[in-house]
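Written out below as structure tokens is the structure these notes cover.
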Amino acid sequence: MSLSIVNTRAKLGLSAPAVSVEVHLSNGLPAFNIVGLPETAVKESKDRVRSAIINSHFEFPNRRITVNLAPAELPKGGSRFDLAIAIGILAASEQIPQEPLKDYEFIGELALSGELRGVEAVLPSAMACATANKKLIISQQNADEATLVESITVFAAKHLLEVSAHLFKSQPLSPWIATAVTKDPQHPEISDVIGQKQAKRALEIAACGGHHMLLFGPPGTGKSMMAGRLAGILPPMTNQQALEVACIHSLANRGPNKDLFERPFRSPHHSASAIAVVGGGSSPQPGEISLAHQGILFLDELPEFQRPVLEVLREPLESGQIHISRAAAQLSFPAQFQLIAAMNPCPCGYMGSQRCNCSAEKIARYQGKISGPILDRIDLHIPVNNIENRQLFQAESERTGESNQQIRQRVCQARAIQIKRQGAVNARLDNQQLKKVCPLNQQQQDFMDRAINSYNLSTRSFHRLLKVARSIADLEGIEIPDIPQYQEALSYRNNFSAVK
């Protein structure tokens, strides 16, 4: 039979639509044509496949070869179809059996020698393959990544000959067993930060409820140091969350983290463009906010970022998703990151001291780079001031401070309460859920009424204030937040306005 069908997967954002590689050998002048919206890399596979088949000691058919990548309306890009096309040609020319092909999907790039090479975005394809109840044959370079999907059987090969021997059942490949990953990555201790008791308390609250936070103060007071220690007090990711994160990093051709359950920490430079931060390109790729999904996005020197870059954060800060529309595709990427921003109060950084030589106009221009809508979406505004000299001279054994493990235990307990009560962290509560978990009696309504008028809080600010108070109550084991929790939440909300 001169017709064969081989299963594979295309790459389209976080989805991996099924592609059937249909190969037909017919009489006529020798030719090799690929149809079905192939991009340049796919068209070039003709030369790679031909050399790989010949160098693997198979016979390349001297006939008219037509390869159709179906569905035809789906654009096909990359070198991931090489292996499927080669298997299709060998099956159509009856050099390998066709019967086993229906149970497998094939993904991989071929070298001219016939060796198999890894490709990007294998994990979404492996998840879709598992859903379709197929087995996956790929390069050994992608095998560990693919086996993150627990319900799939992965066969990894180094060469086209190994794949053909497996299909002939003469030398079957063994299912790939991935190396174990750790669930307890190591992080620097928060107790390393000298002083800053209020900022550490706010960091714990932010970790508890998944709140965004702005740290502001003079240079060298520990803002970046504290941001880098937030990951150490966050709960470990669940299996599903870790798989989501690994999928995004696979799509960006970065591969999963060495420690699969370690939350991402992304810290783009302030010269980054809007596309680099939110994602995009002619073939849309995830940006920094998606690479920080389920983790932390740290923006140091916040006013130094271009204003358009900061403004594109508005939608993902609220929705936890980013929608990218291009002529080639319209895709959505998850972006449930936790924003930690740091900035100086003025261009020189020493506002209020004798060292500051910034005029009021320069200070206003500097702080005005951050728009009100962006500030409104940041739950906690925390001052980080200079510490006392005597604290610098204390021996490490004399410094007081809780370890990551102690704080993390409280955060995990509080988050467990939130998931049981509402199925999400407090920062992700909608207005209806917020009314149920933060009911206000008359006394609390009067207090909040005065706070709204005194501090000119917007509706969004008011709701975020309630969410922070709910997190404080969860940390303290209180069923319903009361005025002390609202007062503490309000103290974290207004500090930046006071500096301005």
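Restricted to region 68-81, and to residues that are of a type in the set (A, V, I, L, M) and either assigned to a strand (DSSP E or B) or out of contact with any Pro (no Cβ under 7 Å at 6 or more places or on another chain) (or both), which residue is nearest to residue 50 (Cα to Cα)?
In the first step, residues of region 68-81 are kept if they are of a type in the set (A, V, I, L, M); the result is 69-70, 72, 74.
Those still in the list that are either assigned to a strand (DSSP E or B) or out of contact with any Pro (no Cβ under 7 Å at 6 or more places or on another chain) (or both) too: 69-70, 72.
Numbers: 69: 17, 70: 21, 72: 23 Å.
Per the criteria, the residue is 69.
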Residue 91 passes all but one of (1) closer than 28 Å to residue 152 by Cα; (2) surrounded by 19 or more Cβ atoms within 10 Å (Cβ to Cβ); (3) out of contact with any strand residue (DSSP E or B) (no Cβ under 6 Å at 6 or more places or on another chain); which number fails?
-> (3)
Have a look at 340, 322 and point out the one that is closer than 18 Å to residue 219 by Cα and either over 17 Å from the mean Cα position of the chain (by Cα) or among the aliphatic types (A, V, I, L, M) (or both).
-> 340
State whether the residues of region 52-66 include one that is in contact with a strand residue (DSSP E or B) (Cβ under 9 Å, 6 or more places away or on another chain) and under 30 Å from residue 335 (Cβ atoms).
-> no
Answer yes or no as to whether residue 452 is assigned to a helix (DSSP H, G or I), within 29 Å of the chain's Cα centre (by Cα) and either surrounded by fewer than 19 Cβ atoms within 10 Å (Cβ to Cβ) or small (Gly, Ala, Ser) (or both).
-> no
Report, by residue number, each residue of region 418-438 that is crowded, with 19+ Cβ neighbours inside 10 Å and either among the aromatic types (Phe, Trp, Tyr) or not in a helix (DSSP H, G or I) (or both).
-> 425, 429, 438
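A quick yes/no check of all residues on (1) modelled with pLDDT under 95; (2) of a type outside the set (D, E, K, R); (3) surrounded by fewer than 19 Cβ atoms within 10 Å (Cβ to Cβ); (4) assigned by TED's automatic domain parsing to the domain that holds residue 11:
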{"site": "98", "(1), (2), (3), (4)": "yes, yes, yes, yes"}
{"site": "116", "(1), (2), (3), (4)": "no, yes, no, yes"}
{"site": "123", "(1), (2), (3), (4)": "yes, yes, no, yes"}
{"site": "138", "(1), (2), (3), (4)": "no, yes, no, yes"}
{"site": "148", "(1), (2), (3), (4)": "yes, yes, no, yes"}
{"site": "152", "(1), (2), (3), (4)": "yes, yes, no, yes"}
Residues of region 406-417 satisfying the condition of being over 13 Å from residue 476 (Cα atoms) and either surrounded by 14 or more Cβ atoms within 10 Å (Cβ to Cβ) or touching a residue at least 40 places away in the same chain (Cβ under 8 Å) (or both) = 408
Listed residues 335, 341; which is over 21 Å from residue 249 (Cβ atoms), buried (at least 21 other Cβ atoms within 10 Å of the Cβ) and among the aliphatic types (A, V, I, L, M)?
-> 341
Specify which of the listed residues (45, 2) is surrounded by fewer than 19 Cβ atoms within 10 Å (Cβ to Cβ), polar (S, T, N, Q) and touching a residue at least 12 places away in the same chain (Cβ under 8 Å).
-> 2
Subset of region 427-472, residues closer than 16 Å to residue 483 by Cβ and of a type in the set (D, E, K, R), comes to 446, 449, 450, 470
Could you tell me whether any residue of region 398-415 is at pLDDT 90 or above, under 17 Å from residue 208 (Cα atoms) and part of a loop (DSSP other than H, G, I, E, B)?
-> no
In region 227-239, is there at least one residue being crowded, with 20+ Cβ neighbours inside 10 Å and under 23 Å from residue 367 (Cβ atoms)?
-> yes
Using beta carbons and a limit of 7 Å, which pairs, at least six apart or on different chains, have the first residue in region 54-80 and acidic (Asp, Glu) and crowded, with 18+ Cβ neighbours inside 10 Å and the second one part of a strand (DSSP E or B) and modelled with pLDDT of 95 or more?
-> none
Residue hits (region 455-472; surrounded by fewer than 12 Cβ atoms within 10 Å (Cβ to Cβ) and either in contact with a Ser or Thr (Cβ under 6 Å, 6 or more places away or on another chain) or part of a helix (DSSP H, G or I) (or both)) are 459
Got a sec? Which of 205, 194, 190, 177 is out of contact with any Pro (no Cβ under 7 Å at 6 or more places or on another chain) and modelled with pLDDT under 85?
-> 194
Considering every residue within region 282-293, establish whether at least one is without any contact (Cβ under 8 Å) to a residue 40 or more places away in the chain, more than 16 Å from the chain's Cα centre (by Cα), on the phi < 0 side of the Ramachandran plot and in a loop (DSSP other than H, G, I, E, B).
-> no
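For the structure I just gave you, tell me whether residue 25 is under 34 Å from the mean Cα position of the chain (by Cα) and among the aliphatic types (A, V, I, L, M).
Numbers: under 34 Å from the mean Cα position of the chain (by Cα): no; among the aliphatic types (A, V, I, L, M): yes.
No, not satisfied.
The values are calculated or read from the model by the stated rules, or taken from the named source; none is laboratory data. Since we're looking at a predicted model, the values are computed, not measured. For neighbour counting, all protein chains shown are included, and Cβ atoms are generated from backbone atoms with ideal geometry for every residue, glycine included.
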